[in-house]
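Trainee: Got a structure for you, questions after.
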Amino acid sequence: MNATATAPVTDRLPVVVVGAGPAGLAAAAHLVDRGLEPLVLEAGARAGAAVREWAHVRL
């Protein structure tokens with residue numbers, strides 16, 4: 001058995017989510033539900049920055 005498969009969460013590498021759009025925020029929420037603390041990176045000024053530029057998506 002792989003030793004990392006049974007390692008406590010605190011012994012794992014950090015998890016980075018690239019992008020704070022709908023998919024990135026959903027991924028981060030699922031990680032939090034599993035006891036992990038993701039680092040969410042977004043190039044825009046705030047979460048959903050690219051989605052806000054798509055005039056066809058309501059926020």
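Coordinate-derived values only; no laboratory data. It should be emphasised that the depicted structure is a prediction, and the values quoted were computed from it without experimental measurement. Note that we place each Cβ from the backbone using ideal geometry, even for glycine, and neighbour counts take in every protein chain shown.
Trainee: In nm, to one decimal, how far is the modelled label at Val18 from the one at Ala43, with both set 7 Å along Cα→Cβ?
Mentor: 1.0 nm
Trainee: A further question on this structure: Please list, in chain and number order, the residues 5+ apart from Val17 or on another chain whose amide H is under 5 Å from its amide H, with Hs placed from the backbone.
Mentor: Leu39, Val40, Leu41
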